[in-house]
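These notes concern the structure reproduced below.
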Amino acid sequence: MNDRISALLKEKHINNKNVNVMAKSILITGAGGTVGEALARFLLERYCDKTVILLDHSDSALNVCYKNLNKYKNAHFYIGDYADTKMFNWLIRKYNVDTVFHCAAYKIVPMVDLNPVSAFENNTEKSNKLFRMCGENKIQNCIFMSSYEAFISKNIFGDTKRIAEILLEQNSTKYPDTKYCALRFGFVLNSSGSVIYLFEEQARKGENITVTHKEVERYVCSVDEVVDGAVVLLEMGETGCLYTLNMKKPIKIYELAKYYQMKYNERSKIVITQLRPGDKIYEEPLGCENGFSTSLNNQVFKNNKIYINWNTFNENYSKLIKNIESENYERIYDLIRTCTKNIEVM
């Protein structure tokens, strides 16, 4: 079996002894998701002095999280919209929040591609509002959980994340009292929507294991790697900067399917179906728009800064917002993409 797959399936946190998590009261948006819950669990288990507020708009997802983490007295669970100003401000005051991990997003690529307006409003516009509220409340740290799909994006999900990254940088110049960092990471192998659960179920039942394309490859990471990378940014991250998780090398999804086929004595056949909307076959080589400069604890790479033509970006972004407000959706794909293309200072 592929060594990278084998290591990921073992799930093990890196012992970040040198990382000093100074945050005392932490709000996690999208806490009912795999990364949000894992971050909460890590903080609650490792640091008994931390107050962790778990916020999610899905009562069912948050209920699962509650069952897993309610044994911790300093965990607090709330249903709501992360961009709701009244709720956000109330939580900030009630718990004296100093750190926000923004994990909430629509992230299933085919569904996001089919619903570009909803995806943009949730992943980008509301994120921008959250970044602004963090600055206005002088939150010490705002860590945005982005995606590797934002690098040379080929789908709406990646575009919405890339625009949010740009808006994060813009807010960092407006609100110097808040540290804003973004972390890109790839396909989380053991996430709630992970293909491994589908492969496991299909192989266990002796059904065909379905793969969209034999050559599809992805940069894959474990949820523990993502959590460790995010925590490192609390101490070592620089405001306005973008970071990429060190994900070694991409793996072929077909090899993952073969692993589960062999696990259940090859009772299943692997069947190639077809690519879904927004899917791509190959990943770009691990990188960013302008290369990497340094690594933090060999866990995350700091992306070299690119310089945005803010007049061009703001003009494109305003045009996109106006079209959505007027319900003019005919060119929405092009308008979203325009906000990420040809905006760098040459």
Exercise. Taking K and R as +1 and D and E as -1, what net charge do the other residues with C-beta under 15 Å from the C-beta of Tyr66 add up to?
Worked result: +1
For this session: Could you check which residue among Tyr180, Tyr307, Tyr317 shows the biggest mean-square fluctuation in a GNM of the chain with a 10 Å Cα cutoff?
Result: Tyr307
Seminar exercise, completed: Exposure-ranked with fewest Cβ neighbours within 10 Å first, Ile166, Ile79 stand as Ile79, Ile166
Exercise. What dipole magnitude, in Debye to the nearest 20, does the chain give about its Cα centre under +1 on Lys/Arg Cβ and -1 on Asp/Glu Cβ?
Worked result: 680
Seminar exercise, completed: Restricted to the chain, the DSSP antiparallel beta bridge percent, nearest 5, is 20
Problem set entry | For segment 265-338 and segment 48-75, distance of Cα centres in Å | 30
Problem set entry | Anisotropy class of segment 183-303 from Cα gyration tensor, a/c 1.5 cut | prolate
Exercise. Per the Cauchy relation, a quarter of the hull surface: what is the mean projected area of the convex hull of the alpha carbons in segment 263-343, in nm²?
Worked result: 10.5
Exercise. How much net charge surrounds Asn311 when only other residues with a Cβ under 14 Å from its Cβ are counted (Lys, Arg +1; Asp, Glu -1)?
Worked result: -1
Exercise. Can you sort Cys181, Cys241 so the residue with the fewest Cβ neighbours within 10 Å comes first?
Worked result: Cys241, Cys181
Problem set entry | Relative contact order %, the chain, counting alpha carbon pairs below 8 Å whose residues are six or more apart | 17
Problem set entry | Free-standing Cys residues across the chain, given no other cysteine C-beta under 4.7 angstrom | Cys48, Cys65, Cys103, Cys181, Cys221, Cys241, Cys288, Cys339
Exercise. Ranked highest first by average number of other Cβ atoms within 10 Å, how do 133-144, 82-93 line up?
Worked result: 133-144, 82-93
Exercise. How many percent of all Cα-Cα pairs in the chain sit more than 29 Å apart?
Worked result: 39
Seminar exercise, completed: Row for segment 1-128, column shape: gyration tensor on C-alpha, a ≥ b ≥ c, rounded if a/c < 1.5 i.e. under 1.5, prolate if a/b over b/c, else oblate; value oblate
For this session: Please work out the C-alpha center-to-center distance from segment 78-98 to segment 178-220 and express it in whole Å.
Result: 32
Exercise. Hull surface divided by four, with the convex hull built on the Cα atoms of segment 62-137: how many nm²?
Worked result: 6.0
For this session: Let me know the shape class of segment 70-200, please: from the alpha-carbon gyration tensor, a ≥ b ≥ c as square roots of the eigenvalues, rounded when a/c is under 1.5, otherwise prolate if a/b is greater than b/c, or oblate.
Result: oblate
For this session: State to the nearest 20 debye the size of the charge dipole of segment 196-346 about its Cα centre, where the only charges are +1 on K and R beta carbons and -1 on D and E beta carbons.
Result: 520
For this session: Lys and Arg at +1, Asp and Glu at -1: add these up for the other residues within a Cβ distance under 14 Å of Gly135 and post the number.
Result: +1
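Laboratory data are not the source of any read-out in this text; all were calculated from the coordinates shown. Since the model is a prediction, treat every value here as computed from it, not as a measurement. All Cβ positions, even for glycine, are placed from backbone atoms using ideal geometry, and neighbour counts span all protein chains on display.
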